[in-house]
1. When both residues are 6+ apart or on different chains and their Cβ atoms are under 9 Å apart, which pairs have a first residue that lies in region 78-107 and is at positive phi, and a second that is of a type in the set (Asp, Glu)?
2. Out of region 8-33, which residues are surrounded by 15 or more Cβ atoms within 10 Å (Cβ to Cβ) and either assigned to a helix (DSSP H, G or I) or not acidic (Asp, Glu) (or both)?
3. Restricting to region 17-40, name every residue that is over 25 Å from Glu70 (Cβ atoms) and either touching a residue at least 60 places away in the same chain (Cβ under 8 Å) or not aromatic (Phe, Trp, Tyr) (or both).
4. Filter region 57-111 for residues that are outside any strand (DSSP E or B), out of contact with any Pro (no Cβ under 6 Å at 6 or more places or on another chain) and under 18 Å from Ser38 (Cα atoms) and give the result.
5. Quick one: which of Ser2, Ser55 is among the hydroxyl-bearing types (Ser, Thr, Tyr), closer than 21 Å to Glu105 by Cβ and within 12 Å of the chain's Cα centre (by Cα)?
6. In region 47-70, what residues are farther than 19 Å from Ile28 by Cα and crowded, with 19+ Cβ neighbours inside 10 Å?
7. Does region 27-49 include one or more residues that are touching a Lys or Arg at 6+ places or on another chain (Cβ under 9 Å) and among the basic types (Lys, Arg)?
8. Which of (1) modelled with pLDDT of 85 or more; (2) out of contact with any Gly (no Cβ under 9 Å at 6 or more places or on another chain) is the odd one out, the single condition Cys110 does not satisfy?
Amino acid sequence: KSVLTNSIREHAERVLDYLGIRDQFEYIYDIRFNNLISKPDPRAFTRVLEELPFSPSEVVFIDDNPAFLEPFAELGGQCILMDHLDAYDKVSFVKVRSIEACVEEIKKCCPYTNYKDSSAQSYLP
């Protein structure tokens, strides 16, 4: 479980700590890791994929911006759009409005993953 962020690692850590889910992630790939290349540039995704022991089709990328999902989908990855406000009508991605719905979609994408529990505090596989 990893985070890809256009911000710096320290900011991502603060956000994850605030949400109470920092311990759910092994790696944080930040803007510095990507040599200041950010999403949606496909190079941001390919650099991270080079570090992961998975093919793009085995990775689920979750974002609240469809423009960031498109390049990952073009690389063959699975995508989930987190659309809390139901702002995007016509998208080709799986769309969810809540953390709980996101958990269910991740379970469909990754049935081989072990889940610690079903609480919102550990909602990622």
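1. Qualifying pairs under 9 Å: none.
2. Initial filter on region 8-33 (surrounded by 15 or more Cβ atoms within 10 Å (Cβ to Cβ)): 9, 12-13, 16, 21-22, 24, 28-31, 33.
Passing the criteria: Arg9, Ala12, Glu13, Leu16, Ile21, Arg22, Gln24, Ile28, Tyr29, Ile31, Phe33.
3. Step one: of region 17-40, the residues over 25 Å from Glu70 (Cβ atoms) are 17-24, 26.
Asp17, Leu19, Gly20, Ile21, Arg22, Asp23, Gln24, Glu26 - these are the residues of region 17-40 that are over 25 Å from Glu70 (Cβ atoms) and either touching a residue at least 60 places away in the same chain (Cβ under 8 Å) or not aromatic (Phe, Trp, Tyr) (or both).
4. Asp64, Asn65, Pro66, Leu69, Glu70, Phe72, Ala73, Glu74
5. Numbers: Ser55 fails: within 12 Å of the chain's Cα centre (by Cα).
Step by step, each of Ser2, Ser55 is checked, and only Ser2 is among the hydroxyl-bearing types (Ser, Thr, Tyr), closer than 21 Å to Glu105 by Cβ and within 12 Å of the chain's Cα centre (by Cα).
6. Pro66, the sole residue that qualifies.
7. Keep residues of region 27-49 that are touching a Lys or Arg at 6+ places or on another chain (Cβ under 9 Å), which gives 27-35, 37, 45.
After this cut, where a residue has to be among the basic types (Lys, Arg) as well, the list is 32.
Scanning region 27-49, I find at least one residue that is touching a Lys or Arg at 6+ places or on another chain (Cβ under 9 Å) and among the basic types (Lys, Arg), so the answer is yes.
8. Evaluating Cys110 over (1) modelled with pLDDT of 85 or more; (2) out of contact with any Gly (no Cβ under 9 Å at 6 or more places or on another chain) leaves (1) as the failure.
The values are calculated or read from the model by the stated rules, or taken from the named source; none is laboratory data. Since we're looking at a predicted model, the values are computed, not measured. Note: ideal-geometry Cβ built from the backbone for every residue, glycine included; neighbour counts use all protein chains shown.
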